[in-house]
1. What is the order of Leu15, Leu23, fewest Cβ neighbours within 10 Å to most?
2. Between the DSSP loop rule and a limit of at most 15 other Cβ atoms within 10 Å, which trypsin sites (Lys or Arg not before Pro) in region 32-139 are left?
3. Stokes-Einstein at 37 °C, 0.692 mPa s, Kirkwood radius from Cα pairs: D for the chain in µm² s⁻¹?
4. Between region 95-113 and region 10-43, what's the alpha-carbon centroid distance in Å?
5. Once every DSSP H run of n ≥ 4 in the chain is given -39500 (n - 2.57) and the sum is divided by its residues, what mean residue ellipticity at 222 nm do you get, rounded to the nearest 500 deg cm²/dmol?
6. Can you pull out the chymotrypsin sites (Phe, Trp or Tyr not before Pro) in region 45-150 that DSSP calls coil and that have at most 13 other Cβ atoms within 10 Å?
7. Which of the lysines could a cross-linker bridge to Lys53, judged by Cα under 22 Å and excluding same-chain residues fewer than eight apart?
8. Hey, in the GNM for the chain with a 10 angstrom Cα cutoff, which one of Ser62, Ser75, Ser36 fluctuates hardest?
Amino acid sequence: MVNAYKLNTLGSYHLTRLCMPYLKQEENASVVFSGSMVGNTPSPEFIEYSTAKAGLLNMVKSMAVASGPEVRFNSLIIGTVDNGASSEEAGYTQEMIDNVVKGIVLKRRGLPADIAQAMAFLLSDAASWITGAELTVNGGGVYKSKMPTS
């Protein structure tokens, strides 16, 4: 768990701290961190990673307060993304992926371009009044009706 925290939370903190003098010199400076759906939902199968990402989300909000109005800080909460062969390398079968896609409102996994466009928005002047926010990019999330099916 400590290694996941060092990589996902402390590494982000230390790098950003080193960049702050330069960021403060820029107009509309913005930092966006890559979060994960498992950072704000119970994820016992990914407990080390999800705990580190939860810490990152809280850190981003704290940095937004500490650094405003000079630097904006936001998080991009990323749902399931089609990463090509790396999904198979991580042990996901096509059946597992298909089951996930069935529950996503937009009926597809995200593409790297979907994430890049959302990140570009948060970094842009169009988001100049947004800080301390979590933008969720997950195709509408996984929806399961609570109504009986019979």
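1. Leu15, Leu23
2. Those that pass, being in a loop and sparsely packed, are Lys107, Arg108.
3. 195
4. If we compute the Cα centre of each part, the gap is 27 Å.
5. Computed mean residue ellipticity for the chain: -13000 deg cm²/dmol.
6. Filter output for region 45-150: Trp129, Tyr143.
7. Leaving aside lysines fewer than 8 places away in the same chain, those within reach of Lys53 are Lys6, Lys61.
8. Ser62
Where a number appears in this text, it was derived from the coordinates with a stated rule and is not lab data. This is a predicted model, so every value here is computed, not measured. Please note: Cβ atoms are built from the backbone with ideal geometry, for glycine as well, and neighbour counts cover all protein chains shown.
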